[in-house]
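The values are calculated or read from the model by the stated rules, or taken from the named source; none is laboratory data. Since this is a predicted model, take the numbers as computed values, not measurements. Glycine gets a Cβ as well: all are built from the backbone with ideal geometry, and neighbour counts include every protein chain shown. Calculation scope for accessible area: heavy atoms of the full protein, side chains included, ligands and nucleic acids excluded. Shrake-Rupley method; radii C 1.70, N 1.55, O 1.52, S 1.80 Å.
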Amino acid sequence: MGTAGEPRTAQHVLVINAGSSSLKYQVVDAASGTALASGLAERVGQTGAVGHLRHEVGEDVHERELPLPDHGAAMAAMREAFEAFGPELASANLMAVGHRVVQGGPEFSASVRIDAEVVAAIEDVSDLAPLHNPPNLAGIRAAQATFGDLPQVAVFDTAFHRSMPAHAATYALDREIAQAHRVRRYGAHGTSHQYVARTAARELGLAPESANLIVFHLGNGASATAVAGGRSVDTSMGLTPLEGLVMGTRTGDIDPAVVFHLARTAGMSIDEIDTVMNRRSGLLGLAGSNDMRDVVDAAEHGDDDARLALDVYCYRLRKYIGAYTAALGRVDAVVFTAGVGENSAPVRAGALRGLENLGIMLDEAANKSVRPGAVSCISVQDSPVTVLVVPTNEEWEIAREAARVVQAI
Ligand code: AMP
């Protein structure tokens, strides 16, 4: 992944992504993107369940079952795995620990070195991401206890989108209520969008400051970002990740009055509606699976529900291309990334169908022969708008951000 030429000094960062019942980690060279080792602790803090740790070094995979009552225990198990199976953390010469933090709220427009004030600020915006920020903080606290001598850096999923102009970030909601409760559009997946936008600009031979892009991060969660001159000027996720594109289990854009309707006519509670819209809708709700592979397969075998799910999914993508073309004025490239974006030729084709008038001309053969893990151009040579597939690498972006913050201090 490093660029050819003179050798660079390794700048190793321990990247931590702490979820509600998991802890993902990777030691990454911020300069080259090379991962020395990675791992995943699962079933963390789940009463009655035995924890599981998977530690990978190159081709070697080591797995263990052990009690993981909390994130501190998971961090200790990770450290033991490094001691038992390598690489030795002492000789990796770690320069920082980089933490993924989902919600930075209005305050954070860039990655920051973590101190008591930063922890308090992350806590303060936890009401905006109640499922994510508390476990992110548990990961930070566990890392502070285990690696107290290393600088800790918070890298926010929302920070890239703080450049959105007010007209894109503001809901037309009663102003006082919105201000009192910090209701505005924050977006998500910012680390991925930032990495992919920079990589795409380089692929186009453009400086990041001059590239206008529409980036689709299509994973189980999915979002689109309009990038003007390297900065996010609009994104499809809003106050929460529910807004925007159709996702594995989320509705994406929907009339908010559906909530009132279900509460009044179906007698559903707010929590029940939350569960339906976030966990039982999207591809799963329409076609019975949240995995795009299953949906495409079923659609190709004549399943009408799967066909409709795919049509709804792709139509939403096309609508966002139209909207973001209007927002940007000039589009250099449409870029696909993440599980679905990198791997599903039918989704990419469906998203771009009929957009020749916008200057988007897909090369059908190139679209079908994208190599996994490689940056690929899938538009015809004289397409006014280039179409790219760019594999995302959020861990590398977090490592780069952590290294940048530490070196600037
Ligand atoms: P991510 O959240 O980026 O890990 O993406 C996960 C999603 O990618 C899965 O739920 C699948 O729907 C999708 N995915 C992975 N591989 C493929 C594939 N070969 N074709 C279509 N979708 C895929």
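For first residues located in the stretch 396-409 and of a type in the set (Phe, Trp, Tyr), partners that are crowded, with 24+ Cβ neighbours inside 10 Å and lie 6+ apart or on another chain with Cβ distances below 9 Å form the pairs 396/15; 396/28; 396/30; 396/195. Just one of the numbered conditions (1) within 21 Å of the chain's Cα centre (by Cα); (2) open to solvent by 20 Å² or more (accessible area, probe 1.4 Å); (3) closer than 15 Å to residue 144 by Cα is not true of residue 98: (2).
If I filter the stretch 241-263 for residues that are open to solvent by 20 Å² or more (accessible area, probe 1.4 Å), within 13 Å of the ligand (Cβ to nearest atom), of a type in the set (Lys, Arg) and at pLDDT 95 or above, do I get at least one hit? Within the stretch 241-263 (the criterion being open to solvent by 20 Å² or more (accessible area, probe 1.4 Å), within 13 Å of the ligand (Cβ to nearest atom), of a type in the set (Lys, Arg) and at pLDDT 95 or above), the answer is yes, since at least one residue qualifies.
Can we say residue 399 is open to solvent by 50 Å² or more (accessible area, probe 1.4 Å), away from the ligand (no atom under 13 Å from the Cβ) and aliphatic (A, V, I, L, M)?
It is false that residue 399 is open to solvent by 50 Å² or more (accessible area, probe 1.4 Å), away from the ligand (no atom under 13 Å from the Cβ) and aliphatic (A, V, I, L, M).
As a summary of the residue check, residue 303 satisfies the conditions (1) open to solvent by 50 Å² or more (accessible area, probe 1.4 Å); (2) within 13 Å of the ligand (Cβ to nearest atom); (3) touching a residue at least 12 places away in the same chain (Cβ under 8 Å) except for the one numbered (2). If we keep just the residues of the stretch 282-300 that are free of Cβ contacts under 8 Å to residues at least 60 places away in the same chain, in a loop (DSSP other than H, G, I, E, B) and within 12 Å of the ligand (Cβ to nearest atom), which is most open to solvent (accessible area, probe 1.4 Å)? So, considering only residues that are free of Cβ contacts under 8 Å to residues at least 60 places away in the same chain, in a loop (DSSP other than H, G, I, E, B) and within 12 Å of the ligand (Cβ to nearest atom), the one most open to solvent (accessible area, probe 1.4 Å) is 291. Looking at the stretch 362-378 only, could you name the residues that are touching a residue at least 12 places away in the same chain (Cβ under 8 Å) and within 25 Å of residue 247 (Cα to Cα)? 362, 364, 367, 368, 370, 372, 373, 374, 375, 376, 377, 378, listed by residue number. Of a type outside the set (Ser, Thr, Tyr) and either open to solvent by less than 50 Å² (accessible area, probe 1.4 Å) or not in a helix (DSSP H, G or I) (or both): which single residue out of 327, 349 fits that description? Testing whether each residue is of a type outside the set (Ser, Thr, Tyr) and either open to solvent by less than 50 Å² (accessible area, probe 1.4 Å) or not in a helix (DSSP H, G or I) (or both) leaves just 349.
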